[in-house]
Amino acid sequence: MTRARKPKLAVWKFASCDGCQLSLLDCEDELLAIAGEVEIANFLEASRAVVKGPYDLSLVEGSITTPHDAKRIQQVRRASKTLVTIGACATAGGIQALRNFKDVQEFVSVVYAQPKYIDSLAKSTPIADHVFVDFELRGCPISKQQLLEVLSAFLYGRKPNTPASSVCLECKRRGTTCVMVAQGTACLGPVTQAGCGALCPAYNRGCYGCFGPMETPNTVSLAAWWQTELDASDLDLLRALRTFNAYAGPFRKESEAHDRKQ
């Protein structure tokens, strides 16, 4: 009897720190089970062995920052039946998207001795700005449990079950007292997508928005609360919103509103 072919899995890196790829390697025992169900055909973080495509599933980390990136992601998309972006860089442009609010050529001229050799796009943009993406997995870095859920969903032909609610719900589930209400600590939890298990509030720190904006976030209301109840300035809000997911739509729009007031 002919043995069924294992689906080919490929993992790709663009402009990023590799942290989300390491989340896959950090699966440890679970990774052995995954390796038994798929053929890891292209994963340079783990092995130099490369199997030619097409690939049944591609996990893409990193943002598009150079003309070469823009061409290469088109090649990856053509070679992939299903493409999933992983992490803040791939889904929102990442920390490097902070350059989108300034003149990147000015940065290049100041930092590099020979700016003419630097071939960079004016903006760092998410993968979805360039090709069709089947599913986005948020986080900086991504949640190991959510990654396993995405891989399991792919293998069984169903839609991944990841939360669209806010970090506040995770705080309630683990019995964490609201740091913003009880301690007056600035927190992005009310507008940030769940996925981290409310890690920072559990250690009496406000949420930093690592998983990007939740579904239909009310950033205007949160900003107003920060300013009236926490005496936050426009600069405070600008700094809070411009981190890992600065170029994500709702965060970008709200930060630009406060930037104009500076």
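Any read-out appearing in this document is the output of simple, stated calculations on the displayed coordinates, not a laboratory observation. Bear in mind that the values here come from a model prediction, so they are computed numbers and not experimental data. Quick reminder, even Gly has a Cβ in these numbers, built from the backbone with ideal geometry, and neighbours come from all protein chains shown.
Summary of computed values
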{"item": "Hull-based mean projected area of segment 45-95, where the convex hull spans the alpha carbons, in square nanometres", "result": "4.0 nm²"}
{"item": "Scaled radius of gyration (Cα, divided by 2.2 N^0.38 Å) that the chain gives", "result": "1.09"}
{"item": "³J(HN,Hα), Karplus 6.51/-1.76/1.60, whole Hz, each residue of segment 230-245, x for Gly, Pro", "result": "10, 6, 6, 8, 4, 5, 4, 5, 4, 5, 5, 7, 9, 10, 5, 10"}
{"item": "Options Gly157, Cys168, Ile127, ranked by Cα towards positive dipole end of segment 116-197, top entry (Cβ charges)", "result": "Cys168"}
{"item": "Length gained when the stretch Thr177-Val110 is fully extended (0.36 nm per residue, less Cα-Cα span)", "result": "19.6 nm"}
{"item": "Fewest-first ranking of Leu238, Leu44, using other Cβ atoms within 10 Å as the exposure measure", "result": "Leu44, Leu238"}
{"item": "Those residues of segment 83-104 whose amide nitrogen sits under 17 Å from the label point placed on Phe132, 7 Å along Cα→Cβ", "result": "83-85"}
{"item": "Antiparallel DSSP beta bridges within segment 8-156, percent to nearest 5", "result": "20 percent"}
{"item": "Separation of alpha-carbon centers, segment 132-167 and segment 36-82, rounded to whole Å", "result": "18 Å"}
{"item": "Most fluctuating residue given options Gly93, Gly62, Gly249, as computed from a GNM of the chain linking Cα atoms under 10 Å", "result": "Gly249"}
{"item": "Residues Thr65, Thr176 arranged by fewest to most Cβ contacts within 10 Å", "result": "Thr176, Thr65"}
{"item": "Rounded to 5, percent antiparallel among DSSP beta bridges of the chain", "result": "25 percent"}
{"item": "Neighbour-count ranking [beta-carbon atoms within 10 angstrom, fewest first] of Lys116, Lys144", "result": "Lys116, Lys144"}
{"item": "Among Glu149, Glu229, Glu136: highest mean-square fluctuation, GNM of the chain, C-alpha pairs under 10 Å", "result": "Glu229"}
{"item": "Over 32 Å between alpha carbons, listed pairs Lys52/Lys102; Lys71/Lys253; Lys6/Lys123; Lys52/Lys159", "result": "Lys52/Lys102; Lys6/Lys123"}
{"item": "Measure of compaction for segment 8-156 (Cα Rg per 2.2 N^0.38 Å)", "result": "1.09"}
